[in-house]
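Below is one structure, written out as structure tokens; the observations come after it.
The values are calculated or read from the model by the stated rules, or taken from the named source; none is laboratory data. The structure presented is a predicted model; accordingly, all values stated were derived computationally and were not measured. All Cβ positions, even for glycine, are placed from backbone atoms using ideal geometry, and neighbour counts span all protein chains on display. Quick note on the areas: whole protein, heavy atoms, side chains included, nothing else; ligands and nucleic acids left out. Shrake-Rupley method; radii C 1.70, N 1.55, O 1.52, S 1.80 Å.
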Amino acid sequence: MGKITVETCEIEGLKVIMPTVFGDERGYFMETYNYQDFQEAGIDLVFVQDNQSASKRGVLRGLHFQIQHPQDKIVRVVSGQVFDVAVDLREGSATYGKWHGVLLSAENKKQFFIPKGFAHGFLVLSEYAEFAYKCTDFYHANDEGGLLWSDPDIGVEWPIPEGMELIISEKDQRWGGIKELKG
């Protein structure tokens, strides 16, 4: 495994991936995905869809998941900076309802592997951010699930700077809390 470094997180299954960056006076080069390196790191999956979004400062997307068609994801930031969050929703997991957050930026080039069974969301901290992710299943519009970003039973500690005005879709403002998933 020469081209990536992988850190495990306190929640089993989550991984922070750091690619090797080759730089010189021209700029840099890195492999953002190499099947063999990821396979060696225990991420032996077939990715079927790549997505990219652009958002401005204060946009909070999430916390999302698919119900019948769950996805493993590798997420990264192409431009700007976001605080990325995964919430464990795996039934029977010792860390059910726990969250983990990672600062992802174009500068640090970190990637976050989020397996099936997690809700996912992010907050844009820079003036603008482009967010890219690979998924192991296709998006199904009628299969969306979500959790309220501010659910006190999850307690995500979003790093919201003083004076930042959050921009949250109507749909994301209507999701229920984690207790409602079990109910």
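Per-structure values
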read-out	value
Residue in region 44-61 that is nearest to A132 (Cα to Cα), counting only those that are in a loop (DSSP other than H, G, I, E, B) and in contact with a strand residue (DSSP E or B) (Cβ under 6 Å, 6 or more places away or on another chain)	F47
Those residues of region 126-145 which are surrounded by fewer than 21 Cβ atoms within 10 Å (Cβ to Cβ) and either among the small types (G, A, S) or touching a Pro at 6+ places or on another chain (Cβ under 8 Å) (or both), in sequence order	S126, A132, D137, A141, G145
Residue tally, condition more than 10 Å from the chain's Cα centre (by Cα) and either within 19 Å of V16 (Cα to Cα) or modelled with pLDDT of 95 or more (or both), over region 79-91	6
Members of region 146-167 found to be of a type in the set (D, E) and open to solvent by less than 50 Å² (accessible area, probe 1.4 Å), listed by number	D151
Set Q111, Q52, Q36, Q81: member being free of Cβ contacts under 8 Å to residues at least 24 places away in the same chain and more than 30 Å from K182 (Cβ to Cβ)	Q36
Meets criteria (of a type outside the set (D, E), outside any loop (DSSP other than H, G, I, E, B), in contact with a His (Cβ under 7 Å, 6 or more places away or on another chain) and open to solvent by 10 Å² or more (accessible area, probe 1.4 Å)) for H64	yes
